[in-house]
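One structure is given here, and the rest of the page talks about it.
None of the figures in this text is laboratory data; all of them are computed from the coordinates on show. It should be emphasised that the depicted structure is a prediction, and the values quoted were computed from it without experimental measurement. Note: ideal-geometry Cβ built from the backbone for every residue, glycine included; neighbour counts use all protein chains shown.
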Amino acid sequence: MKLISSANNKLIKEVKKLSKNSSYRKKTNRFIVEGLREVKLCFDSDYKIDHLFCSNKKSCNDFSIADINFVQKEIMNMITYRETSEILAIVTKKENSLENYIHNENNFILVLEKPEKPGNIGAILRSCDALGFSDVFISDTKTELYNPNTIRASMGALFRLNIYEDKKDRIINFLKKNNFKIFGSLIESVKKINEINFNSKCAVIMGTESDSISSEFIRESNECFKIPMTGNVDSLNLSVSTGIILYEVMNQRKSINFNR
């Protein structure tokens, strides 16, 4: 274990740059993970941890990696978002391709079209993990998957899921080629969510925070549906509506386990 006692250390500067600069994260294909739970989930999910930083040596005991650095607490506070964080890692991104997609036993895919807000994406990924769904496709994303806010909001769930980013037309072609029924979430729809049968091999398409799903996804959907609302508001937060839909899918399939 190496000691870092200066804020001018080359690796500390690297952490700061990766934390703040999306273009640099994209260029280097690396990102930052903060917090013991998140770093452990990342490590257990076979992500490559390039550098590990700890202000409490006990936090590093569970990790068998080559480069572990002990960092003085005041320096750790300079490079972490949460003051209580005692561990941080520089990690190499995973690149998933539709060509390498492995079908899961749920036969369910959540598709997010052009999501914009990192916090919403993270919350949705957390809901997917909590409700037992592992596959998420992201179409033409407007934000970066490995944004620090996304990772924080997902509570590390991002590392446990199979996430594929691609163009809309390629995702549509993939779903049709592999015989997925396509259900679009559309506020203008007449049909309600409880009138849809989600027991088949299917994908659910969610629009952005500000717009409904695109005309291409509407056209290719087998059916569209809405979440009925009785109050004065006419829309829900994207992560909230997605959570409601995922629960309905899970409940229809009777795969829920309340014994935990």
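Residues whose amide H lies under 5 Å from that of Glu165, counting only those 5 or more places away or on a different chain, are Asn96, Ile138; hydrogens are built 1.01 Å from N in the peptide plane. Subtracting the Cα-Cα distance of Glu95 and Lys58 from 0.36 nm times their residue separation leaves 10.2 nm of extension gain.
GluC sites (Glu not before Pro), restricted to the range 62-113: which are DSSP loop and have at most 13 other Cβ atoms within 10 Å? All intermediate terms of the calculation are to be shown ahead of the outcome.
Working: sites: Glu74, Glu83, Glu86, Glu95, Glu99, Glu105, Glu113; in loops: Glu83, Glu86, Glu95, Glu105.
Listed in order of number, the matching sites are Glu83, Glu95, Glu105.
Computed from the C-beta positions of Glu116 and Met229 and an R0 of 22 Å, the FRET efficiency is 0.50 to the nearest 0.05.
Taking amide H atoms as placed 1.01 Å from N in the peptide plane, the amide H of His51 lies under 5 Å from those of Ile90, each 5 or more residues away in sequence or on another chain. The simple spin-label model puts a point 7 Å past each Cα toward its Cβ; for Met1 and Leu131 those points are separated by 4.2 nm.
From the C-alpha coordinates alone, can you work out the Kirkwood hydrodynamic radius of the range 2-92, in Å? Display every interim value, and only then the final one.
Working: mean 1/r = 0.0770 Å⁻¹.
Hydrodynamic radius (Kirkwood, Cα pairs) of the range 2-92 is 13.0 Å.
Assuming 0.36 nm per residue, please report the length gained on full extension of the stretch Ser45 to Lys16 beyond their Cα-Cα distance.
On the way: separation 29, 0.36 × 29 = 10.44 nm, distance 2.44 nm.
Roughly 8.0 nm would be gained on extension.
Relative to the longest principal axis of the Cα atoms of the chain, the long axis of helix 10-20 lies at roughly 20 degrees.
Size check on the range 98-253: the Cα extents along the three principal axes, sorted descending, read 37, 37, 29 Å.
Scalar couplings 3J(HN,Hα) for the range 157-166, obtained by applying the Karplus form with A = 6.51, B = -1.76, C = 1.60 to θ = phi - 60°, are 4, 3, 6, 8, 9, 9, 10, 10, 10, 7 Hz; x denotes Gly and Pro.
Helix-derived [θ] at 222 nm for the chain: sum -39500 (n - 2.57) over DSSP H runs of at least 4, divide by residue count, nearest 500? Kindly include the intermediate steps, with their values, before the conclusion.
Values: 9 runs with 86 residues, N = 260.
One gets -9500 deg cm²/dmol as the mean residue ellipticity at 222 nm.
With θ taken as phi - 60° and the Karplus curve 6.51 cos²θ - 1.76 cosθ + 1.60 applied, the whole-hertz 3J(HN,Hα) list for the range 147-152 is 4, x, 5, 5, 4, 4 Hz, x standing for glycine and proline.
R0 = 25 Å: FRET efficiency of Asn77 with Val240, Cβ-based, nearest 0.05?
Details: r = 33 Å, r/R0 = 1.34.
For Asn77 and Val240, the calculated efficiency is 0.15.
Relative contact order for the range 7-107: 34 percent, from Cα pairs under 8 Å spaced at least 6 residues apart, divided by residue count.
Taking label positions 7 Å along the Cα-Cβ direction at both Lys254 and Asp140, the computed distance is 4.0 nm, reported to one decimal. Normalising by residue count, the range 46-188 has a Cα convex hull of 140 Å³ per residue.
Taking the alpha carbon gyration tensor of the chain, what are the square roots of 5 times its eigenvalues, largest first, to the nearest whole Å? Intermediate values should be presented prior to the final figure.
Working: eigenvalues 285, 62, 60 Å².
Over the Cα atoms of the chain, the ellipsoid semi-axes are 38, 18, 17 Å.
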